[in-house]
Amino acid sequence: MSNYKVIVMDMDDTLINSNNEVSLETKEYLINIQNQGYRLVLASGRPTEGMLPIARELELDKHDSYIISYNGGKTIKVATEEVEVSKSVSKENFDKIADYCREKNFLVLTYQDGHIIHDGDHEYRDIESELTGLPMKRVDDIKKYINEDVPKVMGVDYVENITHARDAMNGSFNSQIDVTTSKPFFLEFMAKGVSKGNAIKALCNQLEIPLSDVICFGDSLNDQSMFEVVGYSVAMGNANEELKAIADKTTLDNDSNGIPVALKELL
């Protein structure tokens with residue numbers, strides 16, 4: 001019997017298949033292992049509201065568990081929706097990021113009151129809405145409209161341009177803002193020190209669970225910080241090659257129930 005106690009899963013392209021849902025087999029398996037005492041945590045770049053329906057579908061609320069949203073910007077207890085941890089991008093930095101994105105012709109997206117806020121057009125504009133189920137809200141000028149701190153900011157453009165920008169920044173926009181990619185066309189800006197890995201460290205510390213007892217699953221570069229801190233890391237078959245290179249194991253892809261396939265071996 002393994003000592004693993006917590007299973008942390010990314011959502012898009014990991015837990016969720018190409019139809020943007022959790023397969024029945026994966027869902028039944030994950031509910032079953034929670035009934036055996038394992039704790040599930042979802043960790044995603046998604047906004048909180050785009051995570052809660054699936055967290056409830058998987059019964060995380062009944063098992064006293066948590067979601068980590070905005071790449072680690074917020075940690076929320078599913079049953080009560082209480083925010084345990086929150087780290088935001090300041091209005092001042094939001095304006096700097098918006099200026100940078102405009103200069104690069106990236107579409108700027110951010111979040112407020114369960115809406116995705118934008119003021120421009122792009123072929124990829126609606127992807128985040130389709131993924132998360134949150135409505136888009138168009139405003140005249142996003143810098144004038146947003147007057148408070150935000151959980152994260154996203155620049156959206158074609159893969160080549162986003163990759164180039166990500167490589168040039170090498171993880172930091174400035175001394176207060178970190179940068180990563182969740183999908184290859186999404187450049188994500190978060191407060192300094194916000195990462196899935198740091199959020200998991202803080203949560204495990206709070207729950208008094210050693211990091212060595214944690215298994216995590218992911219597919220993208222924003223999952224790398226988790227892979228570096230947990231006891232055992234599993235890359236999906238469809239994962240980024242850089243992530244596969246640092247994973248302890250690679251499982252089947254997100255359309256082939258890769259998570260239960262790996263867990264049946266590990267638990």
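What follows draws every value from the coordinates through simple rules; no lab data is involved. Just so it is clear, the model here is predicted, and its values are computed rather than measured.
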Legend entry - Between segment 51-73 and segment 187-252, the alpha-carbon center distance in angstrom: 16
Inset, instruction - Determine the shape class of segment 91-191: with a ≥ b ≥ c the square roots of the Cα gyration tensor eigenvalues, call it rounded for a/c under 1.5, and otherwise prolate if a/b is greater than b/c, oblate otherwise. - result: oblate
Inset, instruction - Once you've got the GNM for the chain with C-alpha springs shorter than 10 Å, pick whichever of ASP167, ASP113, ASP141 has the biggest mean-square fluctuation. - result: ASP113
Legend entry - Backbone HN-Hα couplings from phi across segment 64-74 [Karplus 6.51/-1.76/1.60, Hz, Gly and Pro as x]: 6, 10, 9, 10, 10, 10, 6, 6, x, x, 9
Inset, instruction - Quick one: angle between helix 196-207 and the longest Cα principal axis of the chain, in degrees between 0 and 90, rounded to 10, please. - result: 50
Inset, instruction - Report the antiparallel proportion of the DSSP beta bridges in segment 91-191 as a percent, rounded to a multiple of 5. - result: 85
Inset, instruction - Search the structure for amide H atoms under 5 Å from the amide H of THR250, placed 1.01 Å from N in the peptide plane, and list their residues when 5 or more places away or on another chain. - result: ALA235
Legend entry - Derived scalar couplings ³J(HN,Hα) [segment 239-256; Karplus, 6.51 cos²θ - 1.76 cosθ + 1.60; whole Hz; x for Gly, Pro]: 6, 4, 4, 5, 6, 4, 5, 9, 6, 6, 7, 10, 10, 5, 7, 6, 9, 10
Legend entry - Percent of beta bridges antiparallel (DSSP, the chain, rounded to nearest 5): 55
Inset, instruction - Using the structure shown, select from LYS104/LYS137; LYS96/LYS249; LYS104/LYS244; LYS143/LYS183; LYS143/LYS244; LYS192/LYS244 the pairs with a Cα to Cα distance greater than 28 angstrom. - result: LYS96/LYS249; LYS104/LYS244; LYS143/LYS244
Inset, instruction - Of the listed values (i) 17.2, 51; (ii) 21.0, 63; (iii) 17.6, 58, grab the one calculated as Rg and Dmax of the Cα atoms in Å from the structure here. - result: (iii)
Legend entry - Karplus 3J(HN,Hα) series, Hz, for segment 126-137 with 6.51 cos²θ - 1.76 cosθ + 1.60 (x for Gly, Pro): 8, 4, 4, 5, 5, 5, 8, x, 8, x, 7, 10
